[in-house]
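J.: Below you'll find the structure I mean.
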Amino acid sequence: MTTLRLTLISIILCMFIYANGVLGFARTFVPEKATGSLITNEAGQVIGSRLIAQAFTSDRYFHPRPSACDYNGQGAVGSNLSPTNPELTTRAQGIIGTTGATSERPIPADLVTSSGSGLDPHITTEAARFQIPRIAAARNLTADAIDRLLPQKPIVNVLELNLALDALKR
């Protein structure tokens, strides 16, 4: 009987009191992150999250890091492949081949390697600058106009950057 009581108390403490306490704390002190850091458009529709990468494949947009889980937030995983695995080499060569990278213009590593979760919404500013010529050509903009969108930070959020790109033509 004591074991059953201890089990029930543990379930109540862990599943209800602790979980709701953490959620209440988060909603009080970091409400935006507690609700997923959602980004909405002018109509109030959710178009993404600041915390989870999305697959952008059009030449008109900045591309995120590759994802081992196809940008599915329910399946956040790394690839679990070793650095010497031929699958990683093949994927990286495919990405390099489509970007126009050369030895004179090497591609930043974060554009060919996925993050540990496969959902990292950020790329380095260097990776963003690498993509500017492609985006400028696709949007018929100058490289300087796009470069001015980049914050003076070492990393940038891809979704926010792409929203800023769309705002340029308005």
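The values are calculated or read from the model by the stated rules, or taken from the named source; none is laboratory data. What you see is a predicted model, and the numbers here were worked out from it, not measured in a lab. Here the Cβ positions follow ideal geometry from the backbone for every residue, glycine too, while neighbour counts run over all protein chains shown.
J.: Determine if the stretch 124-131 includes at least one residue that is under 17 Å from the mean Cα position of the chain (by Cα), in the same structural domain as GLN54 (by TED's automatic domain parsing), in a loop (DSSP other than H, G, I, E, B) and under 18 Å from ALA55 (Cβ atoms).
T.: no
J.: Now, a different point. Which one of these does ARG60 not meet: (1) surrounded by 13 or more Cβ atoms within 10 Å (Cβ to Cβ); (2) among the charged types (D, E, K, R); (3) under 16 Å from the mean Cα position of the chain (by Cα)?
T.: With respect to (1) surrounded by 13 or more Cβ atoms within 10 Å (Cβ to Cβ); (2) among the charged types (D, E, K, R); (3) under 16 Å from the mean Cα position of the chain (by Cα), ARG60 is out only on (3).
J.: With the structure loaded, tell me whether ALA136 is within 25 Å of LEU168 (Cα to Cα) and more than 20 Å from the chain's Cα centre (by Cα) or whether it fails that test.
T.: Numbers: within 25 Å of LEU168 (Cα to Cα): yes; more than 20 Å from the chain's Cα centre (by Cα): yes.
Yes; evaluated as a whole, the condition is true for this residue.
J.: Next question. Restricting to the stretch 103-120, count the residues that are surrounded by fewer than 16 Cβ atoms within 10 Å (Cβ to Cβ) and either among the aliphatic types (A, V, I, L, M) or modelled with pLDDT of 85 or more (or both).
T.: Counting residues in the stretch 103-120 that are surrounded by fewer than 16 Cβ atoms within 10 Å (Cβ to Cβ) and either among the aliphatic types (A, V, I, L, M) or modelled with pLDDT of 85 or more (or both) gives 5.
J.: Considering every residue within the stretch 138-158, establish whether at least one is out of contact with any Ser or Thr (no Cβ under 6 Å at 6 or more places or on another chain), assigned by TED's automatic domain parsing to the domain that holds ASN72, assigned to a helix (DSSP H, G or I) and closer than 20 Å to LEU51 by Cβ.
T.: Yes.
J.: Then there is this: Filter the stretch 82-118 for residues that are in a loop (DSSP other than H, G, I, E, B), touching a Lys or Arg at 6+ places or on another chain (Cβ under 9 Å) and not β-branched (Val, Ile, Thr) and give the result. Before the answer, list the steps.
T.: We begin by selecting, within the stretch 82-118, every residue in a loop (DSSP other than H, G, I, E, B); these are 82-85, 100-108, 112-118.
With the extra rule that they be touching a Lys or Arg at 6+ places or on another chain (Cβ under 9 Å), the set shrinks to 100, 108, 112-115, 118.
Matches in the stretch 82-118: GLY100, PRO108, SER114, SER115, GLY118.
J.: Looking only at the stretch 63-74, count every residue that is surrounded by 13 or more Cβ atoms within 10 Å (Cβ to Cβ) and farther than 20 Å from ILE96 by Cβ and tell me the total.
T.: Going through the stretch 63-74, the residues surrounded by 13 or more Cβ atoms within 10 Å (Cβ to Cβ) turn out to be 63-69, 71-73.
Restricting the remaining residues to those that are farther than 20 Å from ILE96 by Cβ gives 69, 71-73.
Residues flagged as surrounded by 13 or more Cβ atoms within 10 Å (Cβ to Cβ) and farther than 20 Å from ILE96 by Cβ within the stretch 63-74 amount to 4.
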